[in-house]
Every structure is written in C-alpha cells, then in structure tokens.
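Asks: Sending over a structure as structure tokens; questions will come in a sec.
The values are calculated or read from the model by the stated rules, or taken from the named source; none is laboratory data. Everything numeric here is computed off the predicted structure, so don't read it as measured data. Using ideal geometry, Cβ is built from the backbone for each residue, glycine included, and neighbour counts are taken over all protein chains shown. Ligands, DNA and RNA are stripped out before the accessible areas are found, and what is left, the full protein with its side chains, is counted by its heavy atoms. Shrake-Rupley method; radii C 1.70, N 1.55, O 1.52, S 1.80 Å.
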Amino acid sequence: MLSASDLEAIWLTFKVATTVTVILLLIGTPIAWWLARTRSRLKGPISAIVALPLVLPPTVLGFYLLIAMGPNGFIGQLTQELGIGTLPFTFWGLIVASVFYSLPFVVQPIQNAIEAIGERPLEVAATLRAGSWDRFFTVVLPLAKPGFITAAILGFTHTVGEFGVVLMIGGNIPGQTRVVSVQIYDHVEALEYDQAHKLAAIMIIFSFVVLLSLYSFQRKNTLWGAK
Amino acid sequence: MRLFNSLSIILLSFLMLSPSSYAEEVHAAVASNFTTPMKDIAKQYEEESGNKVILSFGSSGKFFAQIQNGAPFDVFLSADQNKPDALEKAGAIIPNSRFTYAIGALALWSSKADFIDNNNARLKSGDFNKLALANPKLAPYGVAAMEVLKGLGVTEKTRSKWVMGENISQTYQFVSTGNTDLGFVALSQIMSKGHIKSGSSWIIPSDQYSPIRQDAVLLKKAENSAAAKGLIDYLRSDTARNIIHSYGYKTE
C-alpha cells in the first residue's frame, strides 16, 4: 500500500521526533526549573527568548537557521571549527533546528508544573535533610509529572508536524531529512493526491493513537496520585 | 450604540477608500520562477491598459490544487506544461487559451566568484561540497538538471552530493547562502538586464536538456473579463517579450 520511500519517511519522522523529545526534556528541564524559581531580572528576557520561535513563521525561522548554520553563519563557523562541517541537509541539522523550534512547547508546561508545586514541599524536604538533587528527584519530579508528560507530548507531536523549518534546511534527502510532512507535500505538488491522502491518514491515525494512550496514561496517573 | 456607529463609519470609509479608479481587476497566479519579469510586465500592462493586475506568486502545484478548488484567479502562469494541460483536460480553462509564454534556460551557478568557468569542468571533477538541484519529481528545472548530469555521465558520481529544493527558488537559496558550492538554477534567477548578477556560472547549452516550456492559460472565471484576456494577449506583445528575454528566457 505504501511505497518504500513513504515507509522510510515515516521511520525517519519517528526517529527525529523521539530524539528531539529526549533532548528537549534534558535541556528544557533545567531552563524551566530556573525560570520557575529565579528572582533574577533576566527572567523576563530569557522567557521572551524561549517563546520567540512561536512568533516567527516556520519558513522564516528555517531561512535564518539556514543562514546561521551555513558556512558563513555563526553556528556554521563554530561547527566547522569543531571539525563537524556544516549542519544543513543532515539528520543532526534537523535535530538542532527542531529543538530550537519546539523548545517553548516543552519549557512552558514544565515551568508551570514546577511553579504550581511552590516552595513549601521543598522546604519540608530540606528540613528532612534532603539534598538538592534528592529533592529534585523525590519531590519535584513526581509532583510535576503531569507537566513533564504534557511537555513530552507537545514536543513530540509538534516535531512530527513540523514542516516549514525542515523544508528550508532539509534539502529533501531520503532517509536523512525527508520526513513525512515533506513527503506529503511532495505528493501534493506532484499531483499524486492518492498517495498524499494515504500518508496523511496514517499520520493522523498514528498521532491520534499516541496522544490517546498518553492522555489516558496521564489520567490514570493523576487518579492514583489522588488516592 | 455610539461605539457601533463609529465602527460603521470607520468601515464605510474603508470601503470608500478602496481603489475603484481602475477599469477592471485581473487576478493572476504566477509560478515563482517568473516573479520578477511578471512584475515588470504587469506594471507595463497596467500603465497601458488602465487595468489593475493583482499578482500571487507560488508553486504551480499549489496553484493547481487551489484553482481546482475554486481559487479566484483569472490567469495562471505555470512553471511547466503538465498543470495547464491537466486543467485543460478537466475543462477548467477557456478553450484554446493555452500557450507557451516562456522557455526557461538552465545554468550551473556558484555564489563564489571564479568557482566555475563557463564550462562543465568543475562539475566533472567532483571538486565541490554539495550540488543543489530542484526536485525532478516536482520541478521542470530539476528534470533538466538530471538530463545534463546524465549527458555528462556524472549522475552516480555526484548523487551523494545532491541536495534537493522543493522548487527552483529554494534551490537558489541553498546556493546563494553558500550552503552548497554549486547548484542548477534558472538562468532568470541569476540574470538581470542581460548580465549575470553575481558569482560564477556555466550557462548550459540548450541542446543538453529538453526545453523547459512554461504555459499560461485563461481560467474559466475570466470568461467575461476583457482585462484578463488583455493580459494574456499582452504576454505575447513585443514589449513583454523583450522583458522576458532580458531575464534569460526564450520565447517561441
């Protein structure tokens, strides 16, 4: 039913979205933690910078990433210094761009969840001599779990649905940067509407199943928490 | 109530301010590779006819889908022949209005000066980081680029260096931002007033690829529009042809 290149695009999309979600949770958590608890004057500016990818249209964002990551851009010069060449048209270039693009979707739910916990549970834990790492893993993480799950869902689905940025910096290379959204676009542009419909339907069903299972898991989870 | 009154006055004044001094409006959907020449041609046509031309630029494939779903265009300038042909078969155009308004030319281009001389030596040597080309599945310029590569016998040798643009504009961006050393672009993108604007290029002899014919059609919606018919006729005028040639296109 699906061509080999359609299957390749599906597998690639899954790989990109998973990698990006893991990286975003790793770097988004400290940012969210800092934003939730700081009284620094930098809080405003940093929050604004994190939210900026929401403002720019994806193709515009992609165009500037293409320039920045290109041989004359500041990211491109850095990566060349490090001996890894330039990032556009590679799998990792796609990852870097997607991390930047989906960052607000991961930082904000985690930040809200941490803010909702407040100071009190942490102070209590501190009086019980819990160190800061201990407090994070045994108090913050369990209490803010719904926030983390929402962040992971949003980060994953937003990356699956990403199009404009990939179109700009991807170069449509099979197995490297040709993700499902680009493949559907290709089918539509080539007037292959049947293939486009099939692939779009699969994308929607897949995303629906993933979202449904995650949300049901989250619901059960909060019910357990309430007991 | 007072707020409502002042709002309606503001809205009414917007209506009155909208340009109604033109005789007629023509909505034209234009393939992105023809953006610059079409702006010049439309301006000339507006001056000569007094009609107003409203231009939309984009990919031919998107315009095709939009036209089939009721987009309000009178004229469609495609980047190829397939889409106007498909529209004709679907009965979406005024019969016999289809004609070739421009024949595109292909160039191998680098944004670096002196990177290529006006020949295929650099391409054959393989001495470059990446090669941008338009996706041959979507863009006639991509098909032409593949023909050139095949003719030179370097398709397999260069394949690992290919980077594909969704259309010829994106292919141009990959080269102009320096992300690829080389790329097959439309001559019209790097040429203005008969000269190459920047970088270095190989203007590929037209016998190395099949002609990139771009067709225009008058759409069903323009049945009673003299202005739309006027614009299509104007595309064949000497003034328009001179503009088209100055951007590196040929005409029939």
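Asks: Can you confirm whether B:ILE196 is of a type in the set (A, V, I, L, M), at negative phi and crowded, with 21+ Cβ neighbours inside 10 Å?
Replies: no
Asks: Ok, one more. Of (1) within 17 Å of the chain's Cα centre (by Cα); (2) within 14 Å of chain B (Cβ to nearest Cβ), A:LEU54 satisfies all except one. Which?
Replies: Result: A:LEU54 passes all but (2).
To keep it simple, each residue is scored yes or no on (1) within 13 Å of another protein chain (Cβ to nearest Cβ); (2) open to solvent by 30 Å² or more (accessible area, probe 1.4 Å); (3) closer than 27 Å to B:LYS83 by Cα.
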position	(1), (2), (3)
A:ASP134	no, yes, no
A:PHE137	no, yes, no
A:VAL140	no, no, no
A:VAL160	no, no, no
A:VAL166	yes, no, yes
A:PRO174	yes, yes, yes
A:GLU189	yes, no, yes
A:ILE205	no, yes, no
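Asks: When the residues of region B:101-115 are filtered to those that are in contact with an Asp or Glu (Cβ under 9 Å, 6 or more places away or on another chain) and open to solvent by 10 Å² or more (accessible area, probe 1.4 Å), which remaining residue is farthest from the other protein chains (Cβ to nearest Cβ)?
Replies: Top of the filtered list is B:ILE103.
Asks: Please go through region B:49-90 and give me each residue that is surrounded by 15 or more Cβ atoms within 10 Å (Cβ to Cβ) and in a loop (DSSP other than H, G, I, E, B), ordered by number.
Replies: B:ASN51, B:SER59, B:ALA71, B:PHE73, B:ASP74, B:SER78, B:ALA79, B:ASP80, B:GLN81
Asks: Only one of these is open to solvent by 60 Å² or more (accessible area, probe 1.4 Å), within 21 Å of B:PRO84 (Cα to Cα), aliphatic (A, V, I, L, M) and in contact (Cβ under 8 Å) with a residue 12 or more places away in the chain: B:ALA186, B:ALA226, B:ALA216. Name it.
Replies: On inspection, the qualifying residue turns out to be B:ALA226.
Asks: Next up: Can you tell which of B:VAL154, B:VAL175, B:VAL148, B:VAL185 is within 12 Å of chain A (Cβ to nearest Cβ), on the phi < 0 side of the Ramachandran plot and of a type outside the set (Gly, Ala, Ser)?
Replies: Details: B:VAL154 fails: within 12 Å of chain A (Cβ to nearest Cβ); B:VAL148 fails: within 12 Å of chain A (Cβ to nearest Cβ); B:VAL185 fails: within 12 Å of chain A (Cβ to nearest Cβ).
Residue meeting the stated conditions: B:VAL175.
Asks: Can you list the helices (runs of 4 or more DSSP H) lying wholly within region B:95-161 that have 3 or more residues being in contact (Cβ under 8 Å) with a residue 60 or more places away in the chain?
Replies: Details: elements: B:121-125, B:140-152, B:155-158.
It comes to B:140-152.
Asks: Would you pick out the residues in region B:181-200 that are part of a loop (DSSP other than H, G, I, E, B) and of a type outside the set (Lys, Arg)?
Replies: If the condition is that a residue be part of a loop (DSSP other than H, G, I, E, B) and of a type outside the set (Lys, Arg), then B:ASP181, B:GLY194, B:SER198, B:GLY199 are the ones that fit.
Asks: Test B:ASN119 against the stated conditions and say whether it is more than 24 Å from the chain's Cα centre (by Cα), open to solvent by 10 Å² or more (accessible area, probe 1.4 Å) and over 23 Å from B:ILE212 (Cβ atoms). Give the derivation first.
Replies: Numbers: more than 24 Å from the chain's Cα centre (by Cα): yes; open to solvent by 10 Å² or more (accessible area, probe 1.4 Å): yes; over 23 Å from B:ILE212 (Cβ atoms): no.
So B:ASN119 fails the test.
Asks: Scan region A:43-50 and give yes if some residue there is in contact (Cβ under 8 Å) with a residue 40 or more places away in the chain, part of a helix (DSSP H, G or I) and open to solvent by less than 60 Å² (accessible area, probe 1.4 Å), otherwise no.
Replies: Within region A:43-50, one or more residues are in contact (Cβ under 8 Å) with a residue 40 or more places away in the chain, part of a helix (DSSP H, G or I) and open to solvent by less than 60 Å² (accessible area, probe 1.4 Å).
Asks: Could you please let me know if A:LEU122 is under 26 Å from A:LYS15 (Cα atoms), out of contact with any Phe, Trp or Tyr (no Cβ under 8 Å at 6 or more places or on another chain) and either open to solvent by less than 30 Å² (accessible area, probe 1.4 Å) or assigned to a helix (DSSP H, G or I) (or both)?
Replies: Judged against the criteria, A:LEU122 is not a match.
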